[in-house]
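A.B. asks: This is the structure I want to talk about, given as structure tokens.
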Amino acid sequence: MAMVDEPLYPIAVLIDELKNDDIQLRLNSIRRLSTIARALGEERTRKELIPFLSENNDDDDEVLLAMAEELGVFIPYVGGVEHAHVLLPPLETLCTVEETCVRDKAVESLCRIGSQMRESDLVDWFVPLVKRLAAGEWFTARVSACGLFHIAYSSAPEMLKAELRSIYSQLCQDDMPMVRRSAATNLGKFAATVESAYLKSDIMSIFDYLTQDDQDSVRLLAVEGCAALGKLLEPQDCVAHILPVIVSFSQDKSWRVRYMVANQLYELCEAVGPEPTRTDLVPAYVRLLRDNEAEVRIAAAGKVTKFCRILSPELAIQHILPCVKELSSDSSQHVRSALASVIMGMAPVLGKDATIEHLLPIFLSLLKDEFPDVRLNIISKLDQVNQVIGIDLLSQSLLPAIVELAEDRHWRVRLAIIEYIPLLASQLGIGFFDDKLGALCMQWLQDKVYSIRDAAANNLKRLAEEFGPEWAMQHIIPQVLDMTTSPHYLYRMTILRSISLLAPVMGSEITCSKLLPVVVTATKDRVPNIKFNVAKVLQSLIPIVDNSVVEKTIRPSLVELAEDPDVDVRFYANQALQSIDNVMMSG
């Protein structure tokens with residue numbers, strides 16, 4: 001008898017758990033749906049489990065979200081593609097709930113299932129589902145429907161295709177802005193499946209409705225549609241239909257729409273081609289760069305280099321550069337920061353002479369900007385300018401900016417500039433670096449903030465790699481070793497960290513003669529934290545130096561530390577001794 005009841009058990013447990021008050025239990029049982037389906041077998045999953053899920057009107061969004069996700073990968077458990085349609089009813093219900101993320105996941109799962117279904121099944125089951133949702137009286141169903149058209153359309157017969165196009169057109173004129181927004185978002189996907197004959201007639205008329213919508217949230221989504229449709233249309237149609245829309249959007253009364261145009265402008269230029277870009281889009285772009293809304297100027301400024309690449313240098317100098325000059329003294333620091341992060345890329349576009357004449361003064365003014373992010377953005381992209389004009393012209397102005405940033409009261413600014421020092425060093429060359437930046441690099445080893453000290457130690461290692469061990473032996477090692485007697489134990493710890501990083505770069509000889517004695521001396525330090533760090537450093541030096549040095553110098557120091565009163569010191573010393581033994585055994 002027990003054997004007969006066995007297959008009923010999972011569904012009974014599932015029903016109990018799905019009705020349980022504890023949300024965690026309900027969630028767990030939904031996440032185990034595939035296991036339950038396997039236990040039930042394909043037929044009972046289709047006949048019992050799926051209908052049960054269709055009726056399960058759980059009120060918790062988290063459970064519904066999990067269910068929408070699980071059902072998307074459920075085709076194998078209901079008997080494969082020929083039975084995929086049984087999964088549609090529960091997902092259709094989920095497409096109408098109030099919570100957006102549940103609806104989105106249900107639409108995603110429906111698209112996944114629909115893309116695997118056979119054409120005849122799509123016509124019999126999927127297309128009617130889309131039509132039902134599109135005609136739903138509650139707006140949530142209509143919002144979801146918009147995301148399914150691109151799956152339903154391609155396999156529908158001619159009559160149905162015409163009907164689907166007309167339903168989509170109605171959704172674009174729906175009373176609810178949320179539905180129109182969804183239609184605008186999904187227009188590109190739907191248009192990609194529509195035959196080119198209907199693109200111009202039906203899709204472009206739908207697009208026109210959206211571009212003239214009274215809600216700015218719908219219009220700004222139509223901007224994204226411009227780029228998507230532009231890729232589908234022939235160039236001449238693109239100029240006729242899309243270009244006027246872009247130009248009017250760039251003067252839209254809502255700043256959000258103008259912001260969207262500024263953000264998408266490069267893609268839009270690609271859609272309409274080079275000639276219309278020069279005649280129509282350059283003026284539109286100039287308007288956006290001079291927009292009265294800072295957010296729009298930020299988006300436009302961030303695209304300045306990309307945009308200039310499409311233009312000839314003459315056009316860029318004539319139209320774009322005057323705006324760039326204005327933006328470099330913009331009242332909003334965020335606009336200046338956005339400009340600083342891309343302006344260096346204009347140098348290769350304009351060429352050497354134009355860069356020296358027009359861009360150099362702008363770089364220099366941004367390097368003196370009161371806002372640290374602006375100065376940092378310029379310094380981080382220096383290599384782009386160096387390739388065009390060489391660093392000499394900038395070095396005089398660079399230095400004060402670097403020194404100021406190096407001493408900025410915000411530690412994150414100091415940290416950012418340290419990270420650029422190796423880049424600067426390679427650009428400025430060894431001579432300039434020794435004179436001006438060497439002292440700064442040492443100063444950071446004694447910063448009050450740990451992250452800065454740690455970054456400074458890493459910086460020394462990168463500089464030693466850049467300029468070579470001989471240079472480091474002259475300019476880094478002596479200063480580092482001088483700091484080993486610092487009265488503050490945290491600074492002494494930074495020196496140990498620097499030594500462990502520098503040793504692999506400096507090689508065995510210098511490590512043995514200069515670095516190792518300092519580390520051994522530190523085993524006598526008063527502070528346990530220093531001593532266990534000494535043990536770690538000694539362990540890191542084992543692979544660098546000869547075995548004889550390990551036995552003569554490193555092992556005795558570690559043996560001494562292994563008898564330290566402090567438990568941590570003993571632990572790390574023993575760990576290092578263990579690693580010596582391992583090396584000796586494998587050697």
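A.B. asks: With +1 on each Lys and Arg Cβ and -1 on each Asp and Glu Cβ, and nothing else charged, work out how big the dipole of the chain is about its Cα centre, in Debye to the nearest 20.
C.D. replies: The calculated dipole for the chain is roughly 1540 debye.
A.B. asks: Would you give the gap between the C-alpha center of the range 543-587 and the C-alpha center of the range 465-535, rounded to a whole Å?
C.D. replies: A separation of 18 Å, based on Cα centres.
A.B. asks: Something else about it: Just name one of Gln479, Cys95, Ala299: the one whose Cα is farthest towards the positive end of the charge dipole of the chain (beta-carbon charges, Lys/Arg +1, Asp/Glu -1).
C.D. replies: My answer, from the dipole projection, is Gln479.
A.B. asks: Okay, next question. Once a ≥ b ≥ c are taken as the square roots of the eigenvalues of the Cα gyration tensor of the chain, is the result rounded (a/c under 1.5), prolate (a/b larger than b/c) or oblate (a/b not larger than b/c)?
C.D. replies: oblate
A.B. asks: In deg cm²/dmol and to the nearest 500, what is the mean residue ellipticity at 222 nm of the chain if only DSSP H runs of at least 4 residues count, each as -39500 (n - 2.57), divided by the residue total?
C.D. replies: The helix contribution divided over the chain gives -19500 deg cm²/dmol.
A.B. asks: In debye, nearest 20: dipole of the range 49-160 around its Cα centre with unit charges on the Cβ of K, R (+) and D, E (-)?
C.D. replies: Computed about the Cα centre, the dipole is about 480 debye.
A.B. asks: Nearest 0.05, what FRET efficiency do Asp353 and Asp482 give at R0 = 41 Å with Cβ-Cβ as r?
C.D. replies: Plugging the Cβ-Cβ distance into 1/(1 + (r/R0)^6) gives 0.30.
A.B. asks: Could you provide, to the nearest whole Å², the per residue accessible area of the chain with probe 1.4 Å?
C.D. replies: Per residue, the chain has an accessible area of 45 Å².
A.B. asks: Then there's this: Measure off, as a whole percent, the carbon and sulfur share of the 1.4 Å-probe accessible area of the chain, all protein chains present.
C.D. replies: Answer for the chain: carbon and sulfur cover 52 percent of the accessible area.
A.B. asks: If the cut-off is a Cα-Cα distance under 14 Å, which aspartates and glutamates reach Lys19, setting aside same-chain residues fewer than 8 apart in sequence?
C.D. replies: Correct list for Lys19: Glu55, Asp58, Asp59, Asp60.
A.B. asks: With a ≥ b ≥ c taken as the square roots of the eigenvalues of the C-alpha gyration tensor of the range 284-337, please select rounded if a/c is under 1.5 and otherwise prolate if a/b is larger than b/c or oblate if it is not?
C.D. replies: In terms of gyration-tensor shape, prolate.
A.B. asks: Can you pull out the trypsin sites (Lys or Arg not before Pro) in the range 237-338 that DSSP calls coil and that have at most 11 other Cβ atoms within 10 Å?
C.D. replies: When the trypsin sites (Lys or Arg not before Pro) of the range 237-338 are filtered for loop state and at most 11 Cβ neighbours within 10 Å, Lys253 remain.
A.B. asks: For the range 537-582, just say rounded, prolate or oblate: build the C-alpha gyration tensor, square-root its eigenvalues into a ≥ b ≥ c, call rounded for a/c under 1.5, and beyond that prolate if a/b exceeds b/c, oblate if not.
C.D. replies: prolate
A.B. asks: Another one. On a 32 Å Cα-Cα criterion, which of the cross-link pairs Lys303/Lys352; Lys448/Lys524; Lys325/Lys448; Lys381/Lys461; Lys189/Lys303 come out too long?
C.D. replies: Lys325/Lys448
The values are calculated or read from the model by the stated rules, or taken from the named source; none is laboratory data. None of these values were measured; they are calculated from a predicted model. Cβ: placed from backbone, ideal geometry, glycine included. Neighbour counts: every protein chain shown. Note: areas computed on protein heavy atoms with side chains; ligands, DNA, RNA excluded. Shrake-Rupley method; radii C 1.70, N 1.55, O 1.52, S 1.80 Å.
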